[in-house]
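A quick write-up on the structure given underneath.
Every read-out reported here was derived from the displayed coordinates using simple, explicitly stated rules and does not represent laboratory data. It should be emphasised that the depicted structure is a prediction, and the values quoted were computed from it without experimental measurement. Glycine also receives a Cβ, built like all others from the backbone with ideal geometry; neighbour counts cover every protein chain displayed.
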Number of protein chains: 2
Amino acid sequence: MFEISTQTVQMASLLISILALAFAVWLYTWVKSQPSSNARIAEIGEYIRQGANTFLKREYLILARFTAVAGVLIVLLLPKPIWNTNNISENIFMAVSYVFGTVLSALAGKIGIQIATIANIKAAEAATKGVKPSFMTGFRGGAVMGMAVVGTSLLGVTLVIWLVGDASAVLGFSFGASSLALFAKAGGGIFTKTADISADLVGKVELGIEEDDPRNPAVIADNVGDNVGDVAGMGADLFDSNVASMSAALVMATSLGGIAGKNVAMVFIYAAIGLLSSIIGVATARIGEKGDPSKALNTSTYVTTGIYAVLTALSTYIFGLEWRIWGATAIGLIVGTIIGITSDYFTNDAKPIVQAVANASKSGPAFTILSGFSYGLISALPALIGIAVTSLAAYYICDPLGPGYGMFGISMSAVGMLSIVGMIISNDAYGPIVDNARGLAEMGGLGEKVIAIADELDSAGNTVKAVTKGFSIGAAGLTVIALLGAFMSEVNTAAAELGLETISHFDIMNPAVFFGLIVGIAIPAVFSAMLMLGVDKNAQRMVEEIHRQWESIPGLKEGKEGVKPDYDKCIDIATTGSLKELIPAGLTAIIATIVVGFIGGVSAIGGFLTGNIASGLLLALLMSNAGGLWDNSKKYVEAGNCGGKGSPAHKAAVVGDTVGDPFKDTAGPSINTQITVVSLVASLLSTLFLLYSLF
Amino acid sequence: MFEISTQTVQMASLLISILALAFAVWLYTWVKSQPSSNARIAEIGEYIRQGANTFLKREYLILARFTAVAGVLIVLLLPKPIWNTNNISENIFMAVSYVFGTVLSALAGKIGIQIATIANIKAAEAATKGVKPSFMTGFRGGAVMGMAVVGTSLLGVTLVIWLVGDASAVLGFSFGASSLALFAKAGGGIFTKTADISADLVGKVELGIEEDDPRNPAVIADNVGDNVGDVAGMGADLFDSNVASMSAALVMATSLGGIAGKNVAMVFIYAAIGLLSSIIGVATARIGEKGDPSKALNTSTYVTTGIYAVLTALSTYIFGLEWRIWGATAIGLIVGTIIGITSDYFTNDAKPIVQAVANASKSGPAFTILSGFSYGLISALPALIGIAVTSLAAYYICDPLGPGYGMFGISMSAVGMLSIVGMIISNDAYGPIVDNARGLAEMGGLGEKVIAIADELDSAGNTVKAVTKGFSIGAAGLTVIALLGAFMSEVNTAAAELGLETISHFDIMNPAVFFGLIVGIAIPAVFSAMLMLGVDKNAQRMVEEIHRQWESIPGLKEGKEGVKPDYDKCIDIATTGSLKELIPAGLTAIIATIVVGFIGGVSAIGGFLTGNIASGLLLALLMSNAGGLWDNSKKYVEAGNCGGKGSPAHKAAVVGDTVGDPFKDTAGPSINTQITVVSLVASLLSTLFLLYSLF
């Protein structure tokens, strides 16, 4: 058994994050070196890249202003108001950590877009040579994102702890990451669905032209949307979850033995091993010449999980860490897998549920909606049981270690679920890359055979998504529970410093807690509704613009040589609109937190966060799974079942898919980020709520 | 200031309940004495009455078996298992109270159906003479139900307390009422939507015949559905809420000074005054010859509310009761009104939200669904804030009276909101009566002018529904909170008797509480999903039967004189199917409660009930309001807006309405009952959970 110092551990974490980044650079170079020769594909690919960069630039500009304002507020108010602290340097460190969090997250998003808009072209070309080269291009493109996101997040957290030496500052860093994730995920989600819906509504429904007809002014915006929503948004989301789970664990670890204690070291060791396992998993991913891409993706996930379990066990043995905490982490991993498998059951078109919804579509769209919505509600049950059992088991496994260890165990089970996040992001980012590649193959006229290969790769992306989504929803659930624990830690640290009474529980029978709880229930509902209505409003603006161009650009309708629609205008509308619609939703959640805190104090906030978790988990699971279910039911019908394409069942299934789009790509996945933001705002403002509240 | 004994109060309660019942008899006789001469209407009315009675008989037979089994289990296990009690008479009293609860609730439902199936015929006939006589017939018909429900519920609670002398026995009575309500509301809800959807699907969509064409074998089942779902179901539901709110208040009042104390007396005084105010409100309800029926209905609600406020203030002054508790009750009343007004804002077709959804329908059904769903989510906010503020205010107003008074204050605010329930039921039952009358007027060929009058009366029913629904949802929310308090009282009573430690809080940070909370979130979701899928499955069976009859009965298609479809077969399918689909849903909720209790003990149940409340309130508000919104959007389009009848917007709005039907009439309103049942099961089993649990 070796003693290991915190400094050594942090040094190792830094090295492994740098290794991940170096690996990302290597993968990037590899993907870039793949051949591309088709001029038409290159041209369209260039449009997509430019559009995505336009969105990012606009988004980052707004975010920079937001960050500047928030930074000033943090200096003035956090962790303690400057008129109430002797140590203003704490406030400055917090603000710097916050800005650092936004910058690193933004960087990871930018890298993701950069590679995704290259890899799509390369994967399309590679599909002419078969499944294997195209798969490897898509997968390695996704892995650049995976390595970049996890590398920068571990790097950032380690640096903040190293330089500032205070776990609270990590909360600032985490808040930075979350506020960016809110923009990237929710804003990107509105963008992608605005473009998708408007392009379809006018193109397919009104004008009866093909999905990817270049005469449609919204067609490029649609492809850009896949990148900004699914690649950059998803990356920022998981960057945020990963940082938040580490922050919560670090705050509790610090309160259980200080910043130099063994528990803090353990968080870093486990996180670093997770990243290392993902590097190995990505590096060893292989597929045969005629291999099955879904199997290849799932195999590399399971390989990573196995390596992680073995390495953490080894390190626990060698460094004499607590086996109980290892147990909590292992449970997180196992339950993550189980949640993934159950969500696959509800959304896979080879399973009975999707087929039942497709069958219901034969009676009309109302039945598509009713049955999909109902199964979506039911699908929440296994995931919620998984989260409940994990938290109960993790708590009781770690509780014998001493007071506070139970909650720390829960936070470590979240770290466990997210440990293989590098691998998860690689798989997730693979999806939109090969989806784009398929579109490019069609637009570039690469022929039926190539499109069939691209289709196969695309469908594998959808299948593995269910499993990775299981991990991310489960982990987000546990993370917000851990953040509730971190909130209580923060409150008690602040209360001790202010000479106030500390609190030991949030009692449901306390009216302030209950008040917060009931109001908290409404927040994720209102937030997600505002995003969905935002998509609706924004799509109306875009439909108008498409009509305008179609009528006013001479020769466009007829497809005259050299006449092109004004793609940029549509991208511009989607960009401006999405950010405009997102801001009120985000502010509503933040302002509600502040109001509840100043009315009911920290107790009300305890209830408020619980209410957010309760309704947020339910809605996120419902929306993600119902959305996936409707999407795959439509695909099932299109594959020739229940009457096939053009049948009444197909029309009904399309309605389900359209409803499901903003469910699963805009509102559902943004809810986790909203809860994280609200939890962090609450933790950061805990001193203020202690000092000033009505009740 | 007069001293008043508990016995005097109980005697007064009994007298007022008997007065209400006598008034119901007078109203019944009055309605029955109205003229009816149209033979065609009488014939159809007779079919409807027979069908409704068939359903009730079948339902009550199943319920009788269920009650017998539950009764035996109660004798064996509740409030304490017989191997663990010295006082087996407690168990017997509990079982008898339980049976008494089911019988009285069943009786109230039966009376409601009886009068509703007479009043519909009379109101149709009266419409030939103008708005006034038809309104009075519909309203007084509804009032029979209102008086019967509230009279029997107050009578029952008073008798149980008087004879058994133990507030816990009232929980048994309340459980009886709830288990009946579960059958009546959820079973009736499945019945009514099965019939409605199948009749429409085959009749309007496939065959293109009119809504009320007598050749459609499902047409009578559809009309029966209005009665069993809306009249009997709604009555049982409000019987249940009313009894549950009184039970929760009585359990807490007893723990604050015994069964003979002032607090128990106060509960009875306020409840009796509520009933008295409703009697006066109903008796004085008037409408001018050309009056506005909505205004008449709302006026009588406000009159009742005013009388209630004044009389309770007077009695508080005269008998020297606590002004603070009066304050909590008054807040309940005021917030109930506010919730009603906001839910009217979201569902009234003269207001912007309904019009926005109608406009969205122009882009297709997916947008009807997305926008209606989104606004449904947002509509939960004001109601939840109302409930949160009421509970916070009621708690702090009553808290200075001593420990335990805060929670008692919350329970009294629920009693306050439900005090005018007699009036609310009268208004609510008015709706389906005049709706039926409209159908009868059409089938009986009474002419355009009469139908127009019936339409006006019908639309008034829809408008006031929003306000009454606000009261019932708000009250249900507060009641379940109060039941959580009652659960803790029961746990502590049991713990003291068993010599175990009492508990003083449910701490969210306690892993058992959290475990229960997370599992609890899933239950209302799964329960409501199972009901909606039940409607779907049952409708498929019925559609098949309609097809069979249409093809196999000679002369039916052609409308040959004397040829009639087999109406009974359709009623039979709806009846059998609805009970078959309901039972698994109800059992799931009850079994989940038992499993969670035996795993995590009473703490886990505290969390479990909180989780149920959280997701249940959200889903109930979403489903009720979105359903109402879609219904009225369709009506708005049918009134000639957005393209009017037959336009694409109309088709889309019809999809919204069909989705909304089981939302608002099956799943949404059943959730409250499900939570009440689960809360009561938990309270009744508290001793068992204390004795036997894993954690």
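Here is how the numbers come out for the structure above:
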quantity	calculated
Relative contact order of region A:265-357, defined on C-alpha pairs under 8 angstrom at six or more residues apart (%)	20 percent
Spatially proximal aspartates and glutamates relative to B:Lys295 (Cα-Cα < 17 Å; intrachain offsets below 8 disregarded)	B:Asp344, B:Asp349, B:Asp428, B:Asp455, B:Glu456, B:Asp458
Farthest toward positive dipole pole in region B:7-691 [+1 Lys/Arg, -1 Asp/Glu at C-beta], among B:Val434, B:Thr658, B:Ser683	B:Val434
Relative contact order %, region A:324-461, counting alpha carbon pairs below 8 Å whose residues are six or more apart	29 percent
Per-copy distances of the A:Ser504 label point, shortest first, in nm (7 angstrom along Cα→Cβ)	1.0
Cα gyration tensor shape of region A:305-445, rounded if a/c is under 1.5, else prolate or oblate by comparing a/b with b/c	oblate
Axis-nearest residue in chain B [Cβ, rotation onto A], distance in whole Å	B:Ala614, 2
Whether the protein assembly as shown is rounded, prolate or oblate, judged on the alpha carbon gyration tensor where a/c under 1.5 counts as rounded	oblate
Within chain A, longest stretch free of exposed GluC sites (Glu not before Pro) [DSSP loop, at most 16 other beta carbons within 10 Å]	A:290-500
Sequence-distant lysines (8 or more away, or on other chains) whose Cα lies within less than 20 Å of B:Lys557	B:Lys204, B:Lys569
Mean separation of Cα contacts under 8 Å, 6 or more apart, over the residue count of chain B: relative contact order %	21 percent
Over 29 Å (Cα to Cα) - which of B:Lys537/B:Lys635; A:Lys564/A:Lys635; A:Lys290/A:Lys634; A:Lys110/A:Lys560 fall in this group	A:Lys564/A:Lys635; A:Lys110/A:Lys560
Lys, Arg +1 and Asp, Glu -1 on Cβ, resulting dipole of the protein assembly as shown about Cα centre, debye, nearest 20	60 debye
Principal-axis tilt of helix A:421-443 within chain A, Cα atoms, nearest 10 degrees	20 degrees
Rotationally averaged projected area of chain B (alpha carbon convex hull; nm²)	27.9 nm²
Between region B:213-286 and region A:516-530, the Cα center-to-center distance that results, in Å	30 Å
Region B:176-186 - phi-based ³J(HN,Hα) in whole Hz, Karplus 6.51/-1.76/1.60, Gly and Pro as x	x, 4, 5, 5, 5, 4, 4, 5, 5, 6, 6
FRET efficiency, 1/(1 + (r/R0)^6) with R0 25 Å, evaluated for B:Ile591 and B:Ile92 via beta carbons	0.45
Angle between chain B longest axis and helix B:448-498 axis [Cα atoms, degrees, rounded to 10]	20 degrees
Whole-Å distance, taken between Cα centres, linking region A:618-692 and region B:305-319	50 Å
Label geometry 7 Å along the beta-carbon vector: B:Ile18 inter-copy distances in nm	9.3
Between helix A:6-32 and chain A: long-axis angle, C-alpha atoms, 0 to 90°, nearest 10	10 degrees
Estimated dipole of region A:6-488 in Debye, rounded to 20 [Cβ of Lys and Arg +1, of Asp and Glu -1, Cα centre]	740 debye
Residue-span extension gain [B:Leu207 to B:Ser552] - 0.36 nm each, minus C-alpha spacing	122.6 nm
Prolate/oblate/rounded label for region A:366-413 (Cα gyration tensor, a/c 1.5)	prolate
